[in-house]
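To keep things clear, I will list the structure first and then write my remarks on it.
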Amino acid sequence: MKSILVAPLGPYPDALYASIKEIPMEKIILISSEEYLDSANKIKKDFEKFKIDVIITKIDGNLWEETFRVISEIKGRLPPDKDMIVNVGAADRRIMCAATSAAFVNGLKAVDSEDGQLMPLPVLKFSYYKLLSDKKISVLNVLFKEKDCCASLEELSGKTKMSLPLIAYHINGNIKSEGLKRMGLVNTKEVRGKIKVTLTELGNLLVKGYVGQELS
């Protein structure tokens with residue numbers, strides 16, 4: 001079966017050409033900022049010589065968030081049995097990190113390129129949603145919707161209508177259950193003797209729905 005290849009572009013476009021030799025593909029989706037559109041159009045012309053359909057998806061603004069959004073939306077549109085591979089070899093370091101993380105949380109295969117050879121990355125199938133209780137999700141939703149919250153655990157307790165010990169448990173976890181902090185979804189910082197809680201970038205992306213929910 002032929003695969004769908006998704007590739008964020010950066011300063012190393014030659015890394016994509018190894019894909020032609022090693023991955024039978026029916027389509028490649030290039031994720032490109034304005035800076036690399038000329039490179040994307042050149043790759044499109046080259047790949048179409050091999051009868052491979054090429055789609056260029058332009059992203060703007062927060063490139064980390066946009067990379068997550070695009071990869072999540074592409075996965076959501078594909079049939080469950082369709083093989084999707086994320087090739088991060090052409091990207092710069094920042095977008096490579098974002099694309100690899102997006103592959104990780106969406107349970108997708110990811111590859112890099114070195115000396116013209118593809119290297120599978122150890123991306124694991126993993127779902128945050130299987131670890132998140134309804135109460136943990138409600139904590140994330142409060143932090144997302146109320147941008148000025150929460151300067152203290154007490155404030156977060158009031159906003160969520162959960163007891164202070166329960167909020168501390170959901171944030172910090174225990175031996176048997178990981179908390180939101182260890183899962184990388186919230187940050188905590190002591191300010192004037194109180195614990196301020198904020199969403200991480202990953203927590204923000206999860207609430208927006210850019211992190212895969214159902215992984216096979």
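Structural remarks
- Debye log10 I(q)/I(0) for segment 3-120, one point scatterer per Cα, at q = 0.10 Å⁻¹: -0.24
- Isolated cysteines in the chain, defined as those with no second cysteine Cβ under 4.7 Å, comprise 97.
- Cross-link reach list, lysines versus residue 21, counting only Cα pairs under 25 Å and skipping chain neighbours closer than eight places: 2, 42, 44, 45, 49, 51, 75, 82, 109
- Shape call, segment 128-208: gyration tensor on alpha carbons, a/c limit 1.5: rounded
- For segment 59-70, backbone phi angles converted through the Karplus equation (6.51, -1.76, 1.60; θ = phi - 60°) give residue-by-residue couplings of 10, 9, x, 6, 5, 4, 5, 5, 4, 4, 4, 5 Hz, Gly and Pro being listed as x.
- Residues with amide H under 5 Å from that of residue 25, placed H, sequence gap 5 or more: 3
- Förster-model FRET efficiency, 30 Å R0, residue 138 and residue 175, C-beta, rounded to 0.05: 0.80
- Whole-Hz ³J(HN,Hα) from phi, Karplus 6.51 cos²θ - 1.76 cosθ + 1.60, for segment 24-36, glycine and proline x: x, 10, 9, 7, 10, 10, 8, 9, 9, 7, 4, 4, 10
- With R₀ fixed at 45 Å, the C-beta to C-beta distance from residue 163 to residue 94 puts the FRET efficiency at about 0.65.
- Pairwise FRET efficiency - residue 50 versus residue 1, Cβ, R0 = 22 Å, nearest 0.05: 0.80
- Long-range amide H partners of residue 89 with built H, under 5 Å: 113
- Computed from label points 7 Å out along Cα-Cβ, the spacing between residue 154 and residue 21 is 6.6 nm.
- For residue 152, the amide hydrogen comes within under 5 Å of the amide hydrogens of 197, counting only partners 5 or more places away or on other chains and with H modelled in the peptide plane.
- Rounded to the nearest Hz, the phi-derived 3J(HN,Hα) couplings of segment 142-154 under the Karplus curve 6.51 cos²θ - 1.76 cosθ + 1.60 (θ = phi - 60°) are 5, 5, 6, 6, 10, 4, 8, 8, 9, 6, 7, 5, 5, where x marks glycine and proline.
FYI, it's all coordinate maths here, none of it is from the lab. All values reported here derive from a predicted model rather than from experimental measurement. FYI the Cβ positions are ideal-geometry reconstructions off the backbone, even for glycines, and counts take in every protein chain you see.
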